[in-house]
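Student: Before I ask anything, let me first share the structure, which is written out below as C-alpha cells.
The values are calculated or read from the model by the stated rules, or taken from the named source; none is laboratory data. Note that the coordinates shown come from a computational prediction; the quantities given were computed from them, not determined experimentally. Here Cβ is always computed from backbone atoms with ideal geometry, including for glycine, and neighbour counts include all displayed protein chains. Heads up: the accessible areas ignore ligands, DNA and RNA and are worked out on the full protein's heavy atoms, side chains in. Shrake-Rupley method; radii C 1.70, N 1.55, O 1.52, S 1.80 Å.
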Amino acid sequence: MSTSPAAVPTTPSLHTGESYQEKAWRKFREQPLVPIGTLVTCGALIMATVKMRRGDSQSLNNWLRVRVIAQGATIAAVCAGTYALGSTAGEETKQTRQLDEIQAHREARAGRDRKEFEDRLKVAERQWKETEGALSGRDSNTNIAKGDSTSKALPSVQGQMPQSASSRSATSWWWSKWPWGGSSAS
C-alpha cells in the first residue's frame, strides 16, 4: 500500500485552460456564500447523523432544522449569485454586441476598399492596354517608314504609298554614303 496522500487533479479544464483548483478558487471568490453554505449544510447533516446514532432525538431535530435552514440559505445564495452574474452577463452581452458591430463595420469598410481597389486596377489595366496599343501602332508605323512591308498594322497605307524609282535610288544613295552602308554602285 502506498502512504502518499491522494493527489488533487490539476488537469486543465477543457474550456478555460485553468486547473480544477484555480477554477474552484475563482468560483469561491465570485460567490463565497455558496461553498460556505454547502459546508454548513454538510456539517449539520453529519451532526444530525451522530445525534441519531446516540439516540438523542431532541438534538437530532435541532440539527435537522439547522440543515434545512443552511440548505435554504445556500439555495438563496445560488439564486442571488446567478441573478448578479446574469446582470453582469447583460453588460457583457452589450459589449459583445458592440464589438460585433465594430467588426461588421470593419469588414464592410474592407469590402468597400477592396471594391475600390479592384475598380482602380481595372482602370489601370485598361489604360495600360490603350498605351500598349498606341505604342504597338507606332512601332508598326516605324517599320513601314523603314520599308518593312511585312507589318499588317496599316495595310491600307502600304497600298496607297507606292515607292517611286527616284525615292528608292535616293534611299540607296544615302545608305551607301555611310561607312557601314551598302555598295557604292546601286
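Student: Can you find a residue that is assigned to a loop (DSSP other than H, G, I, E, B) and either over 30 Å from S87 (Cβ atoms) or among the charged types (D, E, K, R) (or both) anywhere in the stretch 49-64? So that I can check it myself, show each step before the final result.
Tutor: Narrowing the stretch 49-64 to residues assigned to a loop (DSSP other than H, G, I, E, B): 55-56.
Next cut, either over 30 Å from S87 (Cβ atoms) or among the charged types (D, E, K, R) (or both) only: 55-56.
Within the stretch 49-64, one or more residues are assigned to a loop (DSSP other than H, G, I, E, B) and either over 30 Å from S87 (Cβ atoms) or among the charged types (D, E, K, R) (or both).
Student: Keeping to the stretch 48-63, report how many residues are open to solvent by less than 60 Å² (accessible area, probe 1.4 Å) and in contact with a Lys or Arg (Cβ under 9 Å, 6 or more places away or on another chain).
Tutor: Summing the residues that are open to solvent by less than 60 Å² (accessible area, probe 1.4 Å) and in contact with a Lys or Arg (Cβ under 9 Å, 6 or more places away or on another chain) in the stretch 48-63 gives 3.
Student: Further, regarding this structure: Which one of the conditions (1) surrounded by fewer than 12 Cβ atoms within 10 Å (Cβ to Cβ); (2) among the small types (G, A, S); (3) outside any loop (DSSP other than H, G, I, E, B) does G17 fail to meet, given that it meets all the rest?
Tutor: Of everything listed in (1) surrounded by fewer than 12 Cβ atoms within 10 Å (Cβ to Cβ); (2) among the small types (G, A, S); (3) outside any loop (DSSP other than H, G, I, E, B), G17 misses just condition (3).
Student: In the list G86, G72, which residue meets the criterion of being in a helix (DSSP H, G or I), under 19 Å from P35 (Cβ atoms) and of a type outside the set (K, R)?
Tutor: G72
Student: In the stretch 30-47, is there at least one residue being surrounded by fewer than 15 Cβ atoms within 10 Å (Cβ to Cβ) and small (G, A, S)?
Tutor: Checked against the condition, which is being surrounded by fewer than 15 Cβ atoms within 10 Å (Cβ to Cβ) and small (G, A, S), the stretch 30-47 yields at least one hit.
Student: Could you check W180 against (1) part of a helix (DSSP H, G or I); (2) open to solvent by 100 Å² or more (accessible area, probe 1.4 Å); (3) at pLDDT below 85 and say which number it fails?
Tutor: Of (1) part of a helix (DSSP H, G or I); (2) open to solvent by 100 Å² or more (accessible area, probe 1.4 Å); (3) at pLDDT below 85, only one is false for W180: (1).
Student: Follow-up. It is to be established whether one or more residues within the stretch 121-139 are open to solvent by 70 Å² or more (accessible area, probe 1.4 Å), within 27 Å of G37 (Cα to Cα) and either touching a strand residue (DSSP E or B) at 6+ places or on another chain (Cβ under 7 Å) or of a type in the set (S, T, N, Q) (or both). Walk me through how you get there before you give the answer.
Tutor: So the first thing to find is which residues in the stretch 121-139 are open to solvent by 70 Å² or more (accessible area, probe 1.4 Å), and the list is 121-122, 125-132, 135, 138-139.
Checking the rest, the ones that are also within 27 Å of G37 (Cα to Cα) come to none.
Within the stretch 121-139 (the criterion being open to solvent by 70 Å² or more (accessible area, probe 1.4 Å), within 27 Å of G37 (Cα to Cα) and either touching a strand residue (DSSP E or B) at 6+ places or on another chain (Cβ under 7 Å) or of a type in the set (S, T, N, Q) (or both)), the answer is no, since none of the residues qualifies.
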